[in-house]
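Contents: one structure, followed by commentary.
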Amino acid sequence: MLILVSPAKTLDFENPAATQSYSIPTLLGQSEQLIDVCRKLTPSDIASLMKVSDKIAGLNVARFSSWDVNFTTENAKQAVFAFRGDVYTGLDADTLSEASLQKAQQQLRILSGLYGLLKPLDLMQAYRLEMGTRLSNARGTNLYQFWGDIITDEINQTTAAQGDEFIINLASNEYFKAVKHKQLTANLVTPVFKDKKNGQYKVISFFAKKARGMMVRYILDNNVESLDALIKFDSAGYYFSEAESTVTAPVFLREEQ
């Protein structure tokens, strides 16, 4: 199975990665085209476009300006260690063994507004460019139009080459919209995580994001290769609810925290 997750806004380029292994993003040529567009933006353009503070806008102008396509471990970092956020807290990549990292390299893909699709050990330079950004470019008025079929084609090539039967979608709606799901050749499964609050089970964003990361870790740690094995996911008190689930959307519940 191939797993899809979203990136994170929070980045860590201060601490060293937990491995020396790395790879280079497959779609770097596309990233270069986006960087050329982004370098023409002023700080006020970025503040308005991304709805960020002047400080963050200035930081991103500097990032776009210094971005260099010649990636090395000196100017870039492996994606799974660079992203820090709720999903990555749940995944806890820093404690993965080298063998598990190599398994993740095969099974896990990170959707990205700038890089399209990243393997965990792909080097990346710091950026902020969310998939929902309405950035005018040569292919349209937003990043969904820029990426078009490119990300979907890359996923299909990967699943075909690896013989993956399932795609486990643990990405947010914003990022998964960049995938043409009707064109996917593997079977799509989108797990749902609900926490009990005030007597009702609901999707609570903070908990759901962390649960997505925990499910990635569960798949890697337990060599999960089938849906029967996937629904045994029980990290942090979650449990499979057959009554609420469908084949394509297994639901996992957790009692009030």
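The values are calculated or read from the model by the stated rules, or taken from the named source; none is laboratory data. Not measured: the values here are computed from a predicted model. Positions of Cβ are backbone-derived with ideal geometry, glycine not excepted, and every protein chain shown enters the neighbour counts. These accessible areas exclude ligands, DNA and RNA; they are computed on the full protein's heavy atoms, side chains included. Shrake-Rupley method; radii C 1.70, N 1.55, O 1.52, S 1.80 Å.
Here is a list: Lys51, Lys119, Lys55. Which entry is under 27 Å from Phe207 (Cα atoms) and without any contact (Cβ under 8 Å) to a residue 60 or more places away in the chain? I'd like the intermediate steps shown before the answer.
Working: Lys119 fails: without any contact (Cβ under 8 Å) to a residue 60 or more places away in the chain; Lys55 fails: under 27 Å from Phe207 (Cα atoms).
Lys51 is the lone residue from the list that is under 27 Å from Phe207 (Cα atoms) and without any contact (Cβ under 8 Å) to a residue 60 or more places away in the chain.
One residue alone among Ala243, Ala236 is on the phi > 0 side of the Ramachandran plot, surrounded by fewer than 19 Cβ atoms within 10 Å (Cβ to Cβ) and either part of a helix (DSSP H, G or I) or free of Cβ contacts under 8 Å to residues at least 24 places away in the same chain (or both), and that residue is Ala236. Residue pairs whose Cβ atoms lie under 7 Å apart, separated by 6 or more positions or on different chains, with the first residue in region 151-167 and within 11 Å of Gln106 (Cα to Cα) and part of a helix (DSSP H, G or I) and the second open to solvent by 30 Å² or more (accessible area, probe 1.4 Å) and at pLDDT 95 or above, are Thr159/Thr185; Gln162/Gln106.
Is it the case that Leu114 is aliphatic (A, V, I, L, M) and touching a Cys at 6+ places or on another chain (Cβ under 8 Å)?
Working: aliphatic (A, V, I, L, M): yes; touching a Cys at 6+ places or on another chain (Cβ under 8 Å): no.
For Leu114, the condition - aliphatic (A, V, I, L, M) and touching a Cys at 6+ places or on another chain (Cβ under 8 Å) - is not met.
Inside region 151-173, can you point out the residues that are surrounded by fewer than 16 Cβ atoms within 10 Å (Cβ to Cβ) and of a type outside the set (S, T, N, Q)? Reasoning before the result, please.
Within region 151-173, the first condition is being surrounded by fewer than 16 Cβ atoms within 10 Å (Cβ to Cβ), and the residues that meet it are 153, 157, 160-163, 165, 173.
Selection gives Asp153, Ala160, Ala161, Gly163, Glu165.
For region 54-73, the set of residues classified as of a type outside the set (Gly, Ala, Ser) and farther than 17 Å from Lys9 by Cα consists of Trp67, Asp68, Val69, Asn70, Phe71, Thr72, Thr73, listed by residue number. For region 85-123, a residue qualifies if it is open to solvent by 10 Å² or more (accessible area, probe 1.4 Å) and of a type in the set (S, T, N, Q), and the qualifying residues are Thr89, Thr95, Ser97, Ser100, Gln102, Gln105, Gln106, Gln107.
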